[in-house]
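K.L.:
Here's a structure for you.
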Amino acid sequence: MEIKPYAESCDQNRDAIFNVLQPLLTHSSAVLEIGSGTGQHAVYFSEKSPHIVWHTSDQAENIEGIKLWVSEIETERLRQPVELDVTQAIWPDISFDTVFTANTCHIMDQRSVEIMLKRVGELLPKEGQLIIYGPFNYNRQYTSSSNEQFDQWLKSRDPESCIKNFEDLNELAEKTGMRLINDYEMPANNRILHWRKLK
């Protein structure tokens with residue numbers, strides 16, 4: 001019997017994240033979650049958003065774990081995961097008006113983040129939304145000593161991983177026609193960044 005993957009942090013941060021997400025998703029009908037990880041967030045958020053079709057995705061090594069979570073939920077609104085590496089030339093053929101991703105940017109290298117934002121900007125419809133949760137630097141400075149320590153740990157595992165700079169992300173998003181709507185302070189020195197596609 002396969003054991004579902006589990007991340008304690010997902011249970012710890014899900015309510016704080018959803019408190020911000022809920023009003024932002026009022027007029028959304030379909031969400032693409034990039035980097036669904038264990039699948040815990042997708043299950044929790046989709047159960048609390050009955051008007052939304054929630055599409056899960058991740059790289060190949062995480063797909064089976066997500067399936068174990070999704071398969072326990074008896075609803076067609078929570079879709080089985082599709083394999084997605086943001087750098088791949090062709091993304092899955094999915095219709096969505098919102099993209100959500102949590103704790104992915106600091107795992108990716110800078111090039112992957114740039115490609116992701118460019119593709120999201122191309123694929124979102126007008127008035128579509130991009131919502132990113134995670135730690136960010138501002139003016140190339142850490143916002144806390146714990147984030148600095150976390151960044152050092154990331155780089156020790158993979159020199160290409162690091163906490164990304166807010167200003168760089170916002171510039172990339174603006175180049176694809178998105179505008180920053182809000183920057184929410186979250187627990188544990190994290191943020192939620194919310195952009196909307198203008199055209």
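K.L.:
Kindly write out, for region 127-137 in residue order, the coupling ³J(HN,Hα) from the Karplus curve 6.51 cos²θ - 1.76 cosθ + 1.60 (θ = phi - 60°), rounded to whole Hz, with x marking Gly and Pro.
P.N.:
Here the 3J(HN,Hα) series is 6, x, 10, 10, 10, 10, 10, x, x, 9, 8 Hz.
K.L.:
For Ile90, Ile66, Ile115, what ranking results if the residue with the fewest other Cβ atoms within 10 Å of its Cβ goes first?
P.N.:
Ranking Ile90, Ile66, Ile115 by Cβ neighbours within 10 Å, fewest first, gives Ile90, Ile115, Ile66.
K.L.:
Next question. Calculated FRET efficiency, Lys4 and Gln59, Cβ-Cβ r, R0 25 Å, to nearest 0.05?
P.N.:
Working from the Cβ atoms, E equals 0.90.
K.L.:
Next question, about the same structure. Work out, step by step, the length gained on full extension between Asp158 and Gln110: first 0.36 nm times the residue separation, then minus their alpha carbon distance; give nm to one decimal. Spell out each step's value before the answer.
P.N.:
Working: separation 48, 0.36 × 48 = 17.28 nm, distance 1.23 nm.
So the chain would gain 16.0 nm between Asp158 and Gln110.
K.L.:
While we're here: I'd like to verify something in the chain: which complete DSSP H helices, judged by Cα projection on the helix axis, reach 27 Å or more and average at least -1.0 on the Kyte-Doolittle scale?
P.N.:
None pass (Cα extent of 27 Å or more, hydropathy at least -1.0).
K.L.:
Roughly speaking, what is the stretch gain from Glu148 to Asp85, that is 0.36 nm per residue apart minus the C-alpha to C-alpha distance, in nm to one decimal?
P.N.:
Extending this stretch completely gives an extra 20.0 nm.
K.L.:
Taking 8 Å as the Cα distance limit and 6 or more residues as the minimum spacing, I'd like the relative contact order of the chain as a percentage.
P.N.:
Values: 346 pairs, mean separation 37.4, N = 199.
Relative contact order, the chain: 19 percent.
K.L.:
Can I ask one more? Answer rounded, prolate or oblate for region 5-46, using the Cα gyration tensor with square roots of eigenvalues a ≥ b ≥ c: rounded when a/c is under 1.5, else prolate when a/b is larger than b/c, else oblate.
P.N.:
Oblate, since a/c reaches 1.5 and b/c is not below a/b.
Just so you know, all these numbers are worked out from the coordinates, no wet-lab data involved. Computed from a prediction, not measured in an experiment: that's the story for all the values here. With ideal geometry, Cβ positions are generated from the backbone for all residues, glycine too; neighbour counts draw on all protein chains shown.
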